[in-house]
Amino acid sequence: METLKNTIEIPLVGMDSEHCAMLIDGGLSKLEGISKHRVDFNNNKAVIEFNSKKPEFSYIVKTVRDLGYDVESIKKTFPITGMTCASCAVSTESILKSLDGVISVASNFANASATVEFIPDLVTLSQMKIALQSIGYDMIIDEENAHDLKEKIHQNLYVELRNKTIWAVALSFPVVIIGMFFMEMPYANQIMMVLTTPVLFWFGRNFFINAYKQIKHFSANMDTLVALSTGIAYLFSAFNTFYPEFWHKRGLHAHVYFEAASVVIAFILLGKLLEEKAKSNTSSAIKKLIGLQPKTVTVIHEGGHEMEMPISKVHMSNILLVKPGDKIPVDGEVIEGVSFVDESMISGEPIPVEKRQGDKVFTGTLNQKGSFKIKALKVGSETVLAQIIKMVQEAQGSKAPVQKLVDKIAAIFVPVVIALSILSLMVWWIFGGDNGLTQGLLSMVTVLVIACPCALGLATPTAIMVGVGKGAEHGILIKDAESLELAKNVTAIILDKTGTITEGKPEVTDFIISDIISADQSKQILMAIESQSAHPLAEAVSKYLKKDNTIPIQLNSIENITGKGVKAIIDGQAYFVGNKALMNENNIQINSADSEKAAALQSEAKTVTFFSDSKQVLIVIAIADKVKVNSAKAIEHLQNQGIEVYMLTGDNTQTASAVAKQVGLINYKAEFLPAQKSEFIKELQAKGKVVAMVGDGINDSQALAQSDVSIAMGKGSDIAIDVAKMTIISSDLMLIPEAIKLSRLTVKTIRQNLFWAFIYNIIGIPIAAGLLYPFNGFILNPMIAGAAMALSSVSVVSNSLWLKLKTIN
């Protein structure tokens with residue numbers, strides 16, 4: 001796309017007319033920094049020319065979206081290398097957001113990744129990569145092999161860091177011995193300087209390189225603090241080594257602090273080594289999920305020739321052989337053979353499922369007995385397992401609301417610490433007496449060392465990573481950190497009936513045909529109508545009629561009536577299938593006998609459906625849907641936690657009452673349309689309730705969208721991953737209280753982490769500045785400060801890992 005300098009063309013979505021173009025054009029005219037603009041309706045784009053102070057690109061996109069239109073963008077998560085602290089995450093976000101075409105960025109230090117929404121026509125991945133490299137970071141843009149590349153880079157960095165740490169500790173050890181016990185030996189300062197130089201400028205060179213790159217962009221991070229503190233200590237000591245007479249002429253001793261500079265680098269490297277080791281454990285859930293997919297697969301070519309090949313070479317429609325003990329390599333359909341497959345990874349059901357010709361199988365599930373051939377239907381990123389992995393990765397990379405506050409603190413933390421260290425130096429210099437400058441420099445170095453924001457940056461994301469991963473291992477897929485944080489505050493839960501409290505597999509139990517019409521004719525008409533619907537009740541009726549080998553007749557038209565049923569026209573005659581409300585609405589007579597039968601069936605928790613012509617009911621059908629084994633237990637758990645539990649259903653009052661009674665529910669609403677569920681949630685929210693909606697993710701989408709925490713109940717092959725913020729894979733209602741408990745434990749861990757991250761700095765910085773010196777003469781040694789800083793990061797990550805050991809069931 002060719003553009004003029006300071007001019008961009010934004011691809012627009014949703015314009016239907018020139019009027020739309022005028023509305024967007026009017027919105028753009030209100031933004032400062034835009035000198036010219038026009039919206040081209042024919043080419044669906046906005047051409048914007050900037051002056052010298054152009055607005056942030058995200059504001060332009062927000063303006064378009066606020067007007068009800070959209071821009072063509074994509075959102076992807078990329079691994080980022082080189083991040084060492086929370087300030088690094090802020091720096092990467094800033095540099096990426098400065099690029100035209102980047103709409104939003106969320107960098108995660110603990111996860112070493114960035115989720116970027118961008119317009120590919122305006123900015124390329126290479127441009128983002130170059131921008132990050134300019135400030136000392138890098139981006140892995142090879143999407144096909146991103147995980148493997150990230151693992152390889154991480155492994156290489158870990159080995160490099162381990163070697164640097166070993167050498168830094170080995171060289172620092174004699175420096176400390178000389179500095180503490182043999183200061184008066186000949187050439188002590190020179191020997192310490194020789195040993196310290198490689199520690200700082202070779203094994204610790206990345207601190208100085210990264211600090212220089214940050215300064216070039218007028219920013220600072222942890223590397224800045226380390227480079228400043230150790231660099232000042234080294235230069236001061238080097239000066240005193242070569243020019244000791246400068247101090248001697250003033251009657252002072254020429255102190256050196258080579259041991260402090262050297263040990264601080266060694267401790268920080270050791271801390272980062274332990275931190276990297278611990279961080280890799282926080283993403284163990286993703287590794288387990290990825291490990292479910294086999295690396296190779298046996299493909300059967302034409303003629304029956306078998307060939308083993310990498311999974312990445314498999315295409316749709318390939319025929320694959322799955323042997324006993326093999327993991328299913330792709331989502332597919334069985335075309336030959338019979339076996340039993342362990343699908344607990346997806347369905348949560350421990351009992352293996354028999355698979356025959358025509359049955360669907362899913363990636364990562366385990367073939368237990370027998371071998372069969374499957375036809376690949378979904379491969380690569382399209383499989384259910386790949387979607388689960390993607391969802392968990394995105395959730396682990398997302399930010400909880402509390403993280404936004406932490407990010408703001410981290411962004412100003414380093415400049416504030418640098419200011420405090422300079423203030424400390426000045427105070428010591430002015431009021432410290434003869435050794436004021438020396439003590440001031442020491443104090444400055446100690447403040448810079450102990451104030452590292454590493455622990456602050458790790459506090460929230462490591463807890464979120466462990467929490468999301470732990471949820472995935474228990475069959476609770478969490479889409480974003482916000483839901484995980486918010487779930488602990490839930491005070492009211494709305495449960496859908498069918499598929500949530502009940503099995504969602506309704507079966508016809510009673511089929512009562514009147515003598516007004518012939519049985520065969522009524523079944524054929526009914527079959528014709530019900531076979532056109534995907535509603536679970538219609539499927540139950542179709543399944544029942546198929547047993548009688550009923551052949552459907554030709555329909556002329558069919559109309560769905562939301563929440564009530566359907567109306568069909570056959571040979572000019574209208575027929576209805578639905579609930580009592582549908583019958584009443586169309587003035588269809590239900591005789592007293594049918595009414596009594598229906599009431600009796602509904603009292604048994606059966607759903608009654610009527611089939612009628614335009615005048616009277618022809619068939620009364622009772623359909624039962626079993627209550628899940630754990631539903632009553634789960635509801636009791638929730639109620640014992642003080643949470644109000646409601647059941648909202650479109651079913652009739654009698655059936656709803658019977659089901660509610662079975663599961664111990666007092667609060668229920670029957671014959672509710674989807675819009676009414678959403679309104680009911682609004683009413684609860686207006687009373688100050690934090691509402692969670694639990695549904696199947698499709699019929700209840702409006703209510704799910706209205707709720708504070710939306711939870712979809714998965715159904716194996718058709719998991720509603722994209723609908724809700726959380727998905728319960730196994731459909732076991734007991735996972736709802738477990739999800740809430742996981743939320744409470746995760747938030748508790750975040751708070752504990754933030755406490756430890758802040759308490760180190762709140763206590764450490766004043767002591768490092770010399771606050772205790774006037775009272776007891778205590779001055780914190782920079783070496784101890786370095787050790788404390790490393791310990792703070794390790795303690796925060798260890799506390800997050802402790803969450804993995806806690807039970808939620």
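Some notes on this structure:
- Some residue of the range 716-733 being among the acidic types (Asp, Glu), modelled with pLDDT of 85 or more and open to solvent by 10 Å² or more (accessible area, probe 1.4 Å): no
- Summed over the range 412-460, the residues that are open to solvent by less than 50 Å² (accessible area, probe 1.4 Å) and hydrophobic (A, V, I, L, M, F, W, C) give a count of 22.
- Applying the criterion of being surrounded by 15 or more Cβ atoms within 10 Å (Cβ to Cβ) and polar (S, T, N, Q) to the residues of the range 24-80, the residue that is farthest from residue 12 (Cα to Cα) is 77.
- Residue ID - modelled with the lowest pLDDT, chosen from residues in the range 537-565 that are open to solvent by 40 Å² or more (accessible area, probe 1.4 Å) and in a helix (DSSP H, G or I): 537
- Selection within the range 496-521: residues that are hydrophobic (A, V, I, L, M, F, W, C) and at pLDDT below 85. The member of this set that is least open to solvent (accessible area, probe 1.4 Å) is 517.
- Residue match in the range 310-332 (condition: touching a Gly at 6+ places or on another chain (Cβ under 8 Å), at pLDDT 85 or above, more than 20 Å from residue 474 (Cα to Cα) and of a type in the set (Asp, Glu)): no
- Contact map, the range 610-639: residues that are within 23 Å of residue 660 (Cα to Cα) and touching a residue at least 12 places away in the same chain (Cβ under 8 Å) paired with residues that are in a loop (DSSP other than H, G, I, E, B) and open to solvent by 40 Å² or more (accessible area, probe 1.4 Å), Cβ distance under 7 Å, separation 6+ or inter-chain. Pairs shown: 625/503; 625/505; 626/503; 628/503; 630/732; 632/664; 635/664; 636/664.
- Looking only at the range 522-536, and only at residues there that are part of a loop (DSSP other than H, G, I, E, B) and polar (S, T, N, Q), the one that is most open to solvent (accessible area, probe 1.4 Å): 532
- Qualifying residue in the range 678-692 (condition: among the polar types (S, T, N, Q) and at pLDDT 85 or above): yes
- Some residue of the range 480-495 being modelled with pLDDT of 85 or more, part of a helix (DSSP H, G or I), open to solvent by less than 10 Å² (accessible area, probe 1.4 Å) and in contact with a helix residue (DSSP H, G or I) (Cβ under 7 Å, 6 or more places away or on another chain): yes
- Any chance residue 477 is farther than 25 Å from residue 614 by Cβ, open to solvent by less than 10 Å² (accessible area, probe 1.4 Å) and at pLDDT below 85: yes
- The helices (runs of 4 or more DSSP H) falling completely within the range 184-272 that include 3 or more residues that are open to solvent by 70 Å² or more (accessible area, probe 1.4 Å) map to 205-216, 222-242, 245-248.
- In summary, residue 569 fulfils each of the numbered conditions (1) open to solvent by 60 Å² or more (accessible area, probe 1.4 Å); (2) assigned to a strand (DSSP E or B); (3) farther than 25 Å from residue 498 by Cβ; (4) of a type in the set (Val, Ile, Thr) with the single exception of condition (1).
Yes/no matrix, rows are residues, columns are (1) under 21 Å from residue 734 (Cα atoms); (2) open to solvent by 50 Å² or more (accessible area, probe 1.4 Å); (3) charged (D, E, K, R):
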{"site": "585", "(1), (2), (3)": "no, yes, yes"}
{"site": "597", "(1), (2), (3)": "no, yes, yes"}
{"site": "607", "(1), (2), (3)": "no, no, no"}
{"site": "625", "(1), (2), (3)": "yes, no, yes"}
{"site": "629", "(1), (2), (3)": "yes, yes, no"}
{"site": "654", "(1), (2), (3)": "no, yes, no"}
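- Failed item in (1) surrounded by fewer than 16 Cβ atoms within 10 Å (Cβ to Cβ); (2) of a type in the set (A, V, I, L, M); (3) farther than 21 Å from residue 650 by Cβ, with residue 618 passing the rest: (1)
The values are calculated or read from the model by the stated rules, or taken from the named source; none is laboratory data. None of the values given here were measured: they were computed from a predicted structure. Ideal geometry is used to build each Cβ from the backbone, glycine not excepted, and the neighbour counts take in all protein chains shown. Surface accessibility is based on the protein's heavy atoms, side chains included, excluding ligands, DNA and RNA. Shrake-Rupley method; radii C 1.70, N 1.55, O 1.52, S 1.80 Å.
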